[in-house]
1. Pulled fully out, how much extra length does the chain show between S22 and E178, if you take 0.36 nm times their separation in residues and subtract their Cα-Cα distance?
2. Of N59, G82, A41, whose Cα points farthest to the positive end of the dipole of the range 7-84 (charges on the beta-carbon: +1 Lys, Arg; -1 Asp, Glu; origin at the Cα centre)?
3. Expressed as a whole percent, how much of the Cα-Cα distance distribution for the chain exceeds 42 Å?
4. What is the log10 of I(q)/I(0) for the range 373-450, computed with the Debye formula using one identical point scatterer on each Cα and no solvent, at q = 0.15, 0.21, 0.27 Å⁻¹?
5. Ordered by residue, what ³J(HN,Hα) values in Hz, to whole numbers, does the range 459-466 give under the Karplus form 6.51 cos²θ - 1.76 cosθ + 1.60, where θ = phi - 60° and Gly and Pro are x?
6. For the chain, what does the helix formula give at 222 nm: sum of -39500 (n - 2.57) over DSSP H segments with n ≥ 4, over the residue count, nearest 500 deg cm²/dmol?
7. Using all alpha carbons of the range 108-190, what is the percent of pairwise distances in each 5 Å bin, ordered from the shortest bin to the longest?
8. Bin by bin, in steps of 5 Å, what percent of the Cα pairs in the range 323-465 do you find, going until the bin that has the longest distance?
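Every number here is computed from the coordinates shown, using simple stated rules; none is lab data. All values derive from a computational prediction rather than experimental measurement. Cβ sites come from the backbone with ideal geometry, for glycine too, and all protein chains shown count toward neighbours.
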Amino acid sequence: MNLVVNSSDFETELERVVSEASRKQAIWEREIEEMKRKNFATICVHGAYTPGEALRNNNGSIIEPVYSSSAQAFENTYWLEGALSYKIPAWVYSRIANPTIGYLELLIAMLESYRQPFNASALCTSSGMSAIKTATEPLLINLKNEGTGEKNFVSMAQCYGGTFQLFNERYGKERGIEVRWVKDPADAGEWEENIDENTRFVYGEMPSNPRQVIFDLERVAKIAHAHGTPLIVDSTIATPALMRPLEHGADIVIHSLTKSITASGRVVGGAIVSRQNIVWENAPDKEMRHDFASWVKLWPARDAGPCMSAEGAAHCLDSIKTLRMRMDSMSRTTMAVAEFLETHKMIENVDYLGLENHSLHSLAKKYLKLVDSDENCYGQILGFTIKGGLENTRSVFNKLNLIMRATDLGRIKSLATIPSVSTHYQQGEEGRRLAKVPANMIRLSVGAEDARDIIDELDNALKAIH
């Protein structure tokens, strides 16, 4: 028996395998393109898991199966080598790719590029912080066309505490990369003053957390692009149901899937979404610019291994199916709660972009709208400060009962925390000053409970300091 495979025969058979795989992939891609023409809520429900995909590869399962296996088997060497050389679509090993995670990645990319003339791709990661690090690290590599000065990146100071620590401690102090903090993100001139030829990326959070800050995304994108620099936007709080940064000029979008996208609280995960041909003038490789998220997935993320679990992806897929209706309902409830707090005698200030007296309300109206409607929606996160300082704030916080005390947000249940002693404690006094996080602030993530019950809860808690 001859076990030697002739090289020409091998190449012929490999070409046949690639052709067959491409034919099947083309069928699925046509189905996905058809799905993209549906409305947002329909895409949330079906995504890339089309009826054809269910029948072809999943025995007709009406819901995305959980592929909890670590690896994929192949029928022969041609399929194995074609997959490992990235010549045919396959998942091979779950650190690199997995069908359940793949369905989620395709869905998130579809939602972020909804009704746009360009395509997008996505990579899901083990956490929101993992997504931020995985997206930003490749942009800090040494380039062939270095500028004359030291490399830097520009970020708004009002951002998630973990983001601040990554940028300030890991990148700034440990690696010596200059981080230039924008203290007033609403001032486009301050962004422009900080960006130069050595800026590797520009980073914003919109709306920010815990302070409700936004910036003129379109103007900042133009400023960044004028320097050949990509703009990254963390859109965790808005979700694609209220804002899609890519359509306003952003190059890369970050999500903590742990938060509003997966309201159940059963998942820790993140996502990176990039549009085709991001603005990155000094990119070492054309493919890095053309399809950034896919390039990161197949190369740096493959080697670093920040992969999401299949079980986590399945929970995300289940929750995202109701994303539009949840963000609509919870935004309405949050507005009612904000209006109540605004009139309470023991409240110093309510920080919610939906309130007309908020300094950034008019800018928020430009960007935050319920998808497929003309109605403004401002999300489920608000902050409020208590008269009497931190001691009174602790008293109110300790009286909460229905509203759980936790550092999490975006849940189906209402949660609250005091950022100065929790999420932003490690930033120190200077970091909290930069982020404009006062000691007497409570951040409230409003859930899906009846607005009257949340208001009653807050009213009772505030009686602790009457």
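1. Extra length available between S22 and E178 comes to 51.7 nm.
2. A41
3. Details: 20459 of 108345 pairs.
So the pairs more than 42 Å apart make up 19 percent of the total in the chain.
4. -0.55, -0.96, -1.29
5. So the J values, rounded to whole Hz, are 4, 5, 5, 5, 5, 5, 10, 4.
6. On the way: 19 runs with 186 residues, N = 466.
Here the helix-only value at 222 nm equals -11500 deg cm²/dmol.
7. Binned Cα distances yield the sequence 3, 12, 17, 18, 18, 18, 11, 3, 0.
8. 2, 10, 19, 23, 21, 15, 8, 2, 0
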